[in-house]
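Single-structure report; data block below.
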Amino acid sequence: MATVSLEAIDRQIARGFKALRFSPAVEAEFLQEYVANRVKLTPFWAVIGTLIYDAVFIGDATMMADVFDKLLIVRFGIFTPFAIISVLAVRRWRTALNYELLSLGIGTLSILLPMSVTIYSQSPYMFVYQNGNVAAFLFFVIALRPRFHIVVIGLTLMCGVLLKTAKLNGSFDDITYSGLVSFYITIAIFLALGAYFLEHTDRMNFLNRLRAGLLQKQLEHNAARDELSGLLNRRSLVQVATDLWKGRSPATHVCAIMLDIDDFKLYNDVHGHLEGDECLRTVSQCIRDNAGEKGFAFRYGGEEMLVLLPNADVDAACAIAEAIRRAIECMNIPHLGKGRGQVTTASLGVAEGPTATVSLEDLLNRADAALYEAKRSGRNRVCVSGSKQLDLEFAREN
């Protein structure tokens, strides 16, 4: 879902966001969702808003008959094409800036175009007519719902345009005009306050959704992994095997590497279980590092680990197994149970089989048999199932 960490979300919630801004990483995630949600609704609001806006030509005809022809031009010849082109553009270039420029353009032009025409009208219905601009204010704030700072800019522009054109019309005496000023400024203030609290709620809901999603992923991650080693657990093995053998894109063949830490019981007896746990964690990290992005590493049981390599040939699996064996040996984890100067090592068994004819159980039995042969042959080595020369010795740095 997100590239933001759970800790970053918790810090943001604790710190708050009275200025309606998150930290850069969280803000980027918010804007991505913000743009997706707003752009998704632009065709709907474009149709509804434009139809309502153009339907007002009926009021133009009855209240502004002396400039009706010019109002038709600005509604159908300028505003409607602008709205259509703007919606197409913002759906093509989906950014917060483009959407908010669209919102400002729609809000400002919806008032500027007809009111600039009414400057030249001598209609006695000017007071009634200009009240229709309240709908433009509401549409801008409630339907388009840009961010708060854009709402403030837009409402300021819309109020300025409306009051200036009303003044230029000359139909209102000073008392009436001052009433208009008070009326629209009051509306703008209440709409701005509503926009602030609405965005604050949106942002808090966003943080809660993001946090819930991250917690869900964390729970799924923890449920799929062995707590001590950090490797995938037996439950995950069933799920991975189902995908590899019966999934939508099953593997044609799978290699298995079975690993056992040599003399690990003796290690625990001599070094204690706390150091034994640390040894397991270190070896597990080594396995993860060498298994690669396409490999699946599991704690199979006790000190036994398993790596499944989908669509890897046996040579590649042997190379990975030897890399793991060598890396464990080169970490020089002391193993005093084997004698002074001795280090912890591992034995590994490799098996390969086509998924069409070899089940997971059969594959693991083969890998386990190869592991047993590696133990029997002296430990600290890699053996391959099905090979007459089971002992596979690579060049070692001894």
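Would you call residue 57 under 30 Å from residue 124 (Cβ atoms) and surrounded by 15 or more Cβ atoms within 10 Å (Cβ to Cβ)? Outline the logic, then answer.
Values: under 30 Å from residue 124 (Cβ atoms): yes; surrounded by 15 or more Cβ atoms within 10 Å (Cβ to Cβ): yes.
Taking the combined requirement at face value, the residue satisfies it.
Does residue 132 satisfy the criteria of being more than 30 Å from the chain's Cα centre (by Cα) and at positive phi?
Considered against the rule, which asks whether it is more than 30 Å from the chain's Cα centre (by Cα) and at positive phi, residue 132 comes out as no.
Sort out which residues of region 170-181 are in a helix (DSSP H, G or I) and surrounded by 14 or more Cβ atoms within 10 Å (Cβ to Cβ), and write them in order of number.
The answer is 177, 180, 181.
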Handout entry: Residue in region 370-391 that is under 15 Å from residue 307 (Cα atoms), in a helix (DSSP H, G or I) and modelled with pLDDT of 95 or more present
Key = yes
Practice task
Can you confirm whether region 63-83 contains a residue that is farther than 30 Å from residue 214 by Cα, under 34 Å from the mean Cα position of the chain (by Cα) and either at pLDDT below 95 or not β-branched (Val, Ile, Thr) (or both)?
Solution key: yes
Handout entry: Residues satisfying the stated conditions in region 182-195, i.e. buried (at least 16 other Cβ atoms within 10 Å of the Cβ) and of a type in the set (A, V, I, L, M, F, W, C)
Key = 187, 188, 191, 192, 195
Problem - Residue match in region 11-21 (condition: in contact with a His (Cβ under 7 Å, 6 or more places away or on another chain) and of a type outside the set (Val, Ile, Thr)) - result: yes
Handout entry: Single residue of 340, 325, 366, 299 found to be among the basic types (Lys, Arg), in the same structural domain as residue 268 (by TED's automatic domain parsing) and in a loop (DSSP other than H, G, I, E, B)
Key = 340
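Every residue, every condition in (1) under 22 Å from residue 226 (Cβ atoms); (2) modelled with pLDDT of 95 or more; (3) over 33 Å from the mean Cα position of the chain (by Cα), yes or no:
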position	(1), (2), (3)
283	yes, yes, no
290	yes, no, no
295	yes, no, no
308	yes, yes, no
313	no, no, yes
324	yes, yes, yes
327	yes, yes, yes
349	yes, yes, yes
Practice task
Inspect all residues belonging to region 320-328 and state whether any of them is free of Cβ contacts under 8 Å to residues at least 60 places away in the same chain, acidic (Asp, Glu) and surrounded by 15 or more Cβ atoms within 10 Å (Cβ to Cβ).
Solution key: no
Exercise for the section: Can you confirm whether region 112-121 contains a residue that is surrounded by fewer than 13 Cβ atoms within 10 Å (Cβ to Cβ) and touching a residue at least 40 places away in the same chain (Cβ under 8 Å)? Expected result: yes
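The values are calculated or read from the model by the stated rules, or taken from the named source; none is laboratory data. Because the structure is predicted, anything quoted here is derived from the model rather than measured. Virtual Cβ from ideal backbone geometry, glycine too; neighbours counted across all protein chains shown.
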